[in-house]
1. Output the residues belonging to segment 32-63 that are open to solvent by less than 40 Å² (accessible area, probe 1.4 Å) and either of a type in the set (S, T, N, Q) or within 23 Å of residue 100 (Cα to Cα) (or both).
2. Inside segment 47-66, can you point out the residues that are in contact with a Leu (Cβ under 9 Å, 6 or more places away or on another chain) and within 19 Å of residue 253 (Cβ to Cβ)?
3. Only residues that are assigned to a loop (DSSP other than H, G, I, E, B) and touching a residue at least 12 places away in the same chain (Cβ under 8 Å): list them for segment 337-378, please.
4. Quick check on residue 117: is it touching a residue at least 12 places away in the same chain (Cβ under 8 Å), more than 26 Å from residue 198 (Cβ to Cβ) and open to solvent by less than 20 Å² (accessible area, probe 1.4 Å)?
5. If you check 127, 109, 78, which single one turns out to be open to solvent by less than 50 Å² (accessible area, probe 1.4 Å) and among the charged types (D, E, K, R)?
6. Among 172, 139, 133, 158, which is under 17 Å from residue 199 (Cα atoms) and not basic (Lys, Arg)?
7. Looking at 30, 69, which one is among the β-branched types (Val, Ile, Thr), modelled with pLDDT of 95 or more and more than 22 Å from residue 252 (Cβ to Cβ)?
8. Would you say residue 205 is over 17 Å from residue 150 (Cα atoms), in the same structural domain as residue 147 (by the TED database), buried (at least 16 other Cβ atoms within 10 Å of the Cβ) and modelled with pLDDT under 95?
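The values are calculated or read from the model by the stated rules, or taken from the named source; none is laboratory data. These figures come from a predicted structure and were not determined experimentally. In this analysis, Cβ positions are derived from the backbone assuming ideal geometry, glycine residues included, and neighbour counts consider all displayed protein chains. Heads up: the accessible areas ignore ligands, DNA and RNA and are worked out on the full protein's heavy atoms, side chains in. Shrake-Rupley method; radii C 1.70, N 1.55, O 1.52, S 1.80 Å.
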Amino acid sequence: MTAIQLGMPSVPARPLTPRRKSRQIMVGNVAVGGDAPVSVQSMTTTLTSDVNATLQQIAELTASGCQIVRVAVPSQDDADALPAIARKSQIPVIADIHFQPKYVFAAIDAGCAAVRVNPGNIKQFDDKIAEIAKAASAAGTPIRIGVNAGSLDKRLLAKHGRATPEALVESALWECSLFEEHDFRDIKISVKHNDPVVMIEAYRLLAERCEYPLHLGVTEAGPAFQGTIKSSVAFGALLSQGIGDTIRVSLSAPPVEEIKVGNQILESLGLRQRGLEIVSCPSCGRAQVDVYKLAEEVTAGLDGLKVPLRVAVMGCVVNGPGEAREADLGVASGNGKGQIFVKGEVIKTVPESKIVETLIDEALKLAEQMQADGVISGEPIVDIA
């Protein structure tokens with residue numbers, strides 16, 4: 001009897017809602033808005049005045065897939081450091097300005113790719129908009145109007161009672177209108193809140209009322225686990241509706257972790273080419289191998305593999321063969337053994353003790369073949385940094 005080789009299923013990806021139409025701006029060499037891909041950004045945690053430490057962290061973020069980075073400028077020493085940082089950074093640098101409008105001009109003069117301003121806590125900001133618009137226009141520097149629930153203009157707090165979606169949107173559009181009076185529209189907007197429900201509603205309202213590109217963020221999202229959940233829920237709801245042009249996952253964690261989560265969100269929504277993906281079962285009473293241990297060891301063993309590869313690590317014969325068959329590479333385990341699948345076909349059966357090393361070996365072979373076939377670039381397929 002001839003075995004039927006099912007092979008890899010060919011299922012076209014279901015497209016998300018078409019992207020919201022927006023103006024396109026350039027943040028350095030990164031296009032934002034319009035038909036440009038959604039970009040991921042983070043913010044340094046170093047003292048900006050420490051140029052070397054800041055540049056080192058920017059390099060780490062760049063290596064992790066960060067496309068735009070923001071640096072805080074709360075002092076003159078920080079402002080003085082901006083020219084060197086903007087010049088030497090491999091990715092566009094946005095200066096984050098609060099309280100002192102003079103640092104907006106310093107950031108523009110320093111050659112920053114963009115400037116983020118928080119109208120709610122910059123003294124006499126509205127009175128300076130004519131000068132800011134003139135300087136930013138002359139330098140070709142975009143402005144991000146960043147409205148935060150925690151620092152909303154007191155007049156709007158008095159009007160709305162709290163930082164409602166309507167209050168956040170009113171603040172942002174009011175500031176935009178002041179820039180528009182001076183024919184400046186090189187603007188990106190964010191309306192952040194720590195409550196994902198309020199944040200989602202604010203961005204939906206904003207998306208209906210303007211054509212500016214939008215930067216998504218759940219501000220003060222929390223520690224890594226909580227912040228990842230809140231950001232994933234909020235970003236997923238908005239991006240699936242075509243809303244959002246850049247994102248930042250705000251975590252109480254090293255900024256590289258923000259980039260990992262942000263990229264994974266985009267990959268999960270099909271908004272970015274998938275990289276290495278581990279599919280593993282949650283385990284149950286049917287499992288006949290230690291799925292947790294297998295999944296952790298495979299993940300660790302393939303860490304740094306820079307290829308779009310889906311690897312399935314399954315613990316029983318119920319869903320295991322099907323999931324392993326649909327992945328590029330997989331194992332269906334049971335009775336202390338594992339059937340190894342490559343591109344939908346069983347290539348061998350190995351004892352449990354050999355599953356991890358076999359999967360790693362086969363993953364490297366697939367990666368090398370993908371490189372030879374031109375599926376991936378000629379860059380190293382394993383990041384050993």
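1. If the condition is that a residue be open to solvent by less than 40 Å² (accessible area, probe 1.4 Å) and either of a type in the set (S, T, N, Q) or within 23 Å of residue 100 (Cα to Cα) (or both), then 39, 41, 42, 43, 44, 46, 48, 51, 54, 57, 62 are the ones that fit.
2. Within segment 47-66, 53, 54 meet the criteria.
3. 343, 344, 375, 376 - these are the residues of segment 337-378 that are assigned to a loop (DSSP other than H, G, I, E, B) and touching a residue at least 12 places away in the same chain (Cβ under 8 Å).
4. Judged against the criteria, residue 117 is not a match.
5. 78
6. Residue meeting the stated conditions: 172.
7. One residue alone meets the criteria, 30.
8. When the stated conditions are applied, residue 205 does not pass them.
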